[in-house]
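Written out below as structure tokens is the structure these notes cover.
The values are calculated or read from the model by the stated rules, or taken from the named source; none is laboratory data. Predicted, not measured: the structure shown is a model, and the values here were computed from it. Cβ: placed from backbone, ideal geometry, glycine included. Neighbour counts: every protein chain shown. The area values use the complete protein model at the heavy-atom level, side chains included, leaving out ligands, DNA and RNA. Shrake-Rupley method; radii C 1.70, N 1.55, O 1.52, S 1.80 Å.
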Amino acid sequence: MAAYTTFPDMIPLCLLPCPDLHAAAALTPGALDRAGPGYLRSLYGAKVIVKPNLLTATPLACTSPAVVAAACAWLLDQGARVTVLDSPGFGRAESVARAVGLADALRPLGLAVVGPGEAAPLSLDNGSRFGVSRRALESDLILSVPRVKAHSQMLLTLAVKNLFGLVVGMRKALVHTREGRSPEGFADAVAALWAALPPVAALADGITAMQRTGPSGGDPYPLGLLAASPSAVALDEALCAALGLPLARTPLGAALERRRAPGCAAAGARIRYTDARPGDVAVGDFALPGELMHTSFRPGRLLKSCLRRFWRSLRP
């Protein structure tokens, strides 16, 4: 069992220019070294869930395999027990991982992507109850490894939103139906999920981001950025700033601020930037959705979504 420690008064946050995937493999270990284990005194023997974004079998919709593999190699070097896990929006984790090249990237490390396994009921402080991966709930630490993407419902999807993939299988579509009466309501549910999970650190793949729409179907944007922090919330706020947004501009960021989530400026968090600051890597032309789609899945959309998920789950 990993030993917990008090979270540092100054949260380390590493923002690094990263021009390509070759550089990412070299830069990721140093970024994670400077971000540190955060909530844990040591990663030795700790059960760590690495949670990439494996939305569907489209490379730009998923975290770059090179970034995930570099993070896993670093964790293994620290003595952590690593499980790479996701519940994709469409298809099985294993088949999506093969399609986007992650299975091949992890094979030299002796690792393979697995699905979420058994769903455990998790009661949230907003009154909701989600079926969440028991493997994730029994871990000592979750490392969220998202790709920076625009999102048609949440404006942006970053490290905290990536955790929604821990909801098992088609339960995600049911959560959309039940919690998605408004973007604010759905965002509150995702923020409540973050608060109920084991500690969440983050490593963001912003090398080639997705702009205009998302979480799939958007356009590539050469953001050229890698980010790491023991606080997923602090990392999301820094990335929002680099894209020219206050955290509260996004529905999920506003929900995190309302609950004064540790790690955000609204909760008094103090950040120690180990390398660049958001202003040093800021961009002004990253395209976001002009209008957000409704977050709820109406009966017809719910049925269509469930059928698509079921069909893609049958693919090898």
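For segment 123-140, the tally of residues that are assigned to a loop (DSSP other than H, G, I, E, B) and either within 17 Å of Pro199 (Cβ to Cβ) or of a type outside the set (Gly, Ala, Ser) (or both) stands at 6.
Each residue in segment 123-135 was checked for being loosely packed, with under 15 Cβ neighbours inside 10 Å and of a type in the set (Phe, Trp, Tyr), and 0 of them qualify.
Residue-wise test of (1) in contact with a His (Cβ under 9 Å, 6 or more places away or on another chain); (2) over 17 Å from Pro59 (Cα atoms); (3) at pLDDT below 95; (4) of a type outside the set (Gly, Ala, Ser).
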{"site": "Phe186", "(1), (2), (3), (4)": "yes, yes, yes, yes"}
{"site": "Ala201", "(1), (2), (3), (4)": "no, yes, no, no"}
{"site": "Ile207", "(1), (2), (3), (4)": "no, no, no, yes"}
{"site": "Gln211", "(1), (2), (3), (4)": "no, no, no, yes"}
{"site": "Leu223", "(1), (2), (3), (4)": "no, no, no, yes"}
{"site": "Ala227", "(1), (2), (3), (4)": "no, yes, no, no"}
{"site": "Pro246", "(1), (2), (3), (4)": "no, yes, no, yes"}
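Candidates Ser152, Ser128: the one that is of a type outside the set (Lys, Arg), at pLDDT below 95, farther than 18 Å from Pro230 by Cα and in contact with a Ser or Thr (Cβ under 7 Å, 6 or more places away or on another chain) is Ser152. Tallying residues that are under 8 Å from the mean Cα position of the chain (by Cα) and surrounded by 24 or more Cβ atoms within 10 Å (Cβ to Cβ) within segment 145-163 yields 9.
Of all the criteria given as (1) buried (at least 19 other Cβ atoms within 10 Å of the Cβ); (2) in a loop (DSSP other than H, G, I, E, B); (3) of a type in the set (Gly, Ala, Ser); (4) more than 15 Å from the chain's Cα centre (by Cα), the one not satisfied by Gly214 is (4). Counting only strands (runs of 3 or more DSSP E) that sit wholly inside segment 219-279, those with at least 2 residues that are touching a Cys at 6+ places or on another chain (Cβ under 8 Å), closer than 17 Å to Thr157 by Cβ and open to solvent by less than 50 Å² (accessible area, probe 1.4 Å) are 225-229. The one condition from (1) open to solvent by less than 50 Å² (accessible area, probe 1.4 Å); (2) within 30 Å of Gly224 (Cα to Cα); (3) of a type outside the set (S, T, N, Q); (4) not in a strand (DSSP E or B) that Ala192 does not meet is (2).
The residues on offer are Leu143, Leu156, Leu163, Leu203, and the sole one that is outside any strand (DSSP E or B), on the phi < 0 side of the Ramachandran plot and not acidic (Asp, Glu) is Leu163. In this structure, Ala120 does satisfy being within 29 Å of Arg260 (Cβ to Cβ), surrounded by fewer than 18 Cβ atoms within 10 Å (Cβ to Cβ) and either in contact with a Pro (Cβ under 6 Å, 6 or more places away or on another chain) or of a type in the set (A, V, I, L, M, F, W, C) (or both).
Within the set Val84, Val113, Val68, Val132, the sole residue that is hydrophobic (A, V, I, L, M, F, W, C) and free of Cβ contacts under 8 Å to residues at least 40 places away in the same chain turns out to be Val84.
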